[in-house]
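Scroll down for the structure; my scribbles are underneath it.
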Amino acid sequence: MLVVLTFLTVDSLNVTRAGGIQVPNYDVINQEIGYANDWSRGFEVPVIGASEPLFGRTYSLPEATELMKLGKAVIQSRACMDCHTFFGNGAYYGPDLTKSWLDPAWSQIWMPMTGAATRGDAMVEFLMHPEQYPTWTRQMPNLHLTRAEAQAVVAYLKWMSAVDTNGFPAHFGRIQTQN
């Protein structure tokens with residue numbers, strides 16, 4: 001039984017760790033991330049595209065890893081899961097953030113509203129000043145994020161969108177995204 005458990009643990013790590021089969025390395029934040037239906041699997045999967053530096057720069061793997069650590073620490077310290085869902089865990093008061101980078105509202109609504117030139121910049125502006133950008137029925141509180149903290153959260157959200165979650169959340173890829 002110990003041999004089977006060891007095999008299953010090693011096999012799971014090869015799939016679920018950053019740089020594994022379904023979870024890209026953190027430096028994927030330097031690339032375009034899209035979503036497309038994989039007909040052989042029967043659901044939508046991330047599509048990693050051409051170079052797309054985040055916040056106007058390309059992060060090395062060690063820099064991206066540090067950025068992910070900060071983004072995760074900010075998400076944990078501000079208790080984002082009390083309102084939001086990440087990878088199926090958390091609350092459902094606010095939107096599920098698993099694929100939030102891909103939400104077309106960032107380019108169609110939030111970029112014009114914030115005056116930002118990029119999706120990432122619009123997300124940072126919203127996170128830093130949510131009270132200035134009213135949402136539909138529930139208002140996100142001001143978490144008093146610094147620019148560096150907001151950028152780290154956005155980098156983390158972009159990376160999460162690149163993780164192959166086996167079609168979760170269901171039907172997300174059917175929303176047409178703009179690149």
Practice prompt. Tell me which residues come under 5 Å, amide H to amide H, from Ile33 once H is placed; ignore anything under 5 positions away on its chain.
Written response: Gly49
Item to complete: Count neighbours as other Cβ atoms within 10 Å of each site's Cβ, and list the chymotrypsin sites (Phe, Trp or Tyr not before Pro) in the stretch 15-85 that are DSSP loop with at most 10 such neighbours.
Response: Trp39
Worksheet item: Once you list every other residue whose beta carbon is under 13 Å from the beta carbon of Ser100, what net charge do they have if Lys and Arg are +1 and Asp and Glu are -1?
Response: +1
Worksheet item: Counting other C-beta atoms within 10 Å, which of Arg78, Arg138 has the fewest, and how do the rest follow?
Response: Arg138, Arg78
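Ranked highest first by average number of other Cβ atoms within 10 Å, how do 89-99, 151-161, 115-125 line up?
By packing density, highest mean first, the sequence is 151-161, 115-125, 89-99.
Read-outs throughout are calculated quantities, based only on the coordinates presented, and are distinct from any laboratory measurement. Computed from a predicted model, the values in this text were never measured in an experiment. Virtual Cβ from ideal backbone geometry, glycine too; neighbours counted across all protein chains shown.
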